[in-house]
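The block underneath contains the structure these notes are about, expressed in structure tokens.
The values are calculated or read from the model by the stated rules, or taken from the named source; none is laboratory data. Only a predicted model underlies this, so the values are computations on that prediction, with no experimental measurement involved. A quick note on method: Cβ atoms are made from the backbone with ideal geometry, for glycine too, and the neighbour counts reach across all protein chains shown. Heads up: the accessible areas ignore ligands, DNA and RNA and are worked out on the full protein's heavy atoms, side chains in. Shrake-Rupley method; radii C 1.70, N 1.55, O 1.52, S 1.80 Å.
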Amino acid sequence: QCTDGYEWDPVRQRCKDIDECEIVPDACKGGMKCVNHYGGYLCLPRTAQIIVNEQEEAAAESTSGRNNVIRRTPVDPHRAPPNPTHQIQCAAGYEQSDHNVCQDIDECATGTHNCRADQVCVNLRGSFSCQCPPGYQKRGDQCVDVDECTLPPYCHHRCVNTPGSYFCQCNAGFQLASNNHTCVDINECDANNPCAQQCYNILGSFICQCNPGFELSSDRINCEDTDECRTSSYICQYQCVNEPGKFSCVCPEGYQVVGGRTCQDINECETTNECREDEICWNYHGGFRCYPRNPCQEPYVLTSENRCVCPVSNTICRELPYSVVYKYMSIRSDRTVPSDIFQIQATTIYPNTINTFRIKSGNENGEFYLRQTSAVSAMLVLVKSLSGPREHIVDLEMITVNSLNYRTSSVLRLTIIVGPYAF
């Protein structure tokens, strides 16, 4: 863009002077002649002679110019210029040069302007202009700050006005982009990962999560171990052991952990049988015991496994039960009551006989009750809860009477082992 009096020369790629004397019809009045000048033209008496320096042409000095205009090449700057034959009068804002031409006065450079201290002097042809610096606008004779924050939105989030300028700020979790106007999300998880364990970036912020077995602390950043053992007393069947990030269940001696939480009895008779050859191993809940293979006591003799018979040929046996059968069973501690726990049944059935059942011994505290279920069987019922570890020996007697008043009896000696726990 060229200033007034010039136009763009597309060939030379620069601004060139416009010859107003050629294009402005009747440019000068009153018999004055038109003399073209850089950026404008002059109206002078027809007898005036003008000398113009040609800055780019190498032609020799000539006086054959139009309107008595002499054009010559630049003279040696070190040589004093010739005295002009005629002193010219310059318009306001111009002054006579050493070559007797009018040149613009740069009031901004010479300090002859009257701009205020808060204004910027801009030189013009023949004058000057007092303008406000960028970011200010003229209001009367003063320059006042332009509040860019009240104009159409320059900033994505927040605008902060400053004297002569402004800057943009972003909300927490965002940062300015390279254009200093747009706000982009900060990925805190990639930048410094403030979370103790797991970090998830979200728009303008982040959230922390913990690995299984941990929970967020009150600061929402660190993770604290979750004491699963305190959350529930039923998480383990026996005992819960808290560990960092997890827990484990343990079982008492004689049990093993099954399924991570349940305790199962170990059958020591199958794994570590420590009984002698003349003993049998009996496993119960939480342990095992060794019993003699021949439990018979005089005058009884062993006739089959765990069955002792008192021979009728022995007179002592007449007042004793004919047979004693040894049985063993195991129950858990604190079993719910009432509960059927053992059934006794006649192995031999005789015609015209009546069988009755009773607890002969071992029920001094009334923990059991024997309920006859048929003519040849009865059920032992636990009516009081038993706590272990403990061993109960209960004699269950079956009395048989026939029509001839023949009476005989058999005893089942039941050893009940109560385990130490309810599992």
If I take every Cα pair under 8 Å that is 6 or more residues apart in segment 296-419, average their sequence separation and divide by the length, what percent do I get for the relative contact order? 29
Using alpha carbon centers only, segment 30-45 is separated from segment 188-264 by a whole-angstrom value of 98
Length-normalised contact order for segment 236-275 - Cα pairs under 8 Å, 6+ apart - percent: 30
Quick one: putting +1 on the C-beta of Lys and Arg, -1 on the C-beta of Asp and Glu, what dipole do you get for segment 296-419 around its Cα centre, in Debye to the nearest 20? 160
In nanometres, what is the gap between the two model label sites at ASN402 and VAL250, each 7 Å from Cα along Cα-to-Cβ? 6.4
Rounded to two decimals, the Debye log10 I(q)/I(0) of segment 296-419 (Cα scatterers, no solvent) at q = 0.14, 0.18 Å⁻¹ is -0.65, -1.00
Just want to confirm a number: the relative contact order over the chain, from Cα pairs under 8 angstrom separated by 6+ residues, in percent. 6
Rounded to the nearest 500, what is the chain's calculated 222 nm mean residue ellipticity when only DSSP H runs of at least 4 contribute -39500 (n - 2.57) each, over all residues? -500 deg cm²/dmol
When Cα extents along the principal axes in Å is calculated directly from the model, which label among [x] 66, 54, 51; [y] 184, 45, 36; [z] 90, 56, 41 fits? [y]
Could you look at segment 296-419 and say what percent of its accessible area is carbon and sulfur, using a 1.4 Å probe and all protein chains? 50
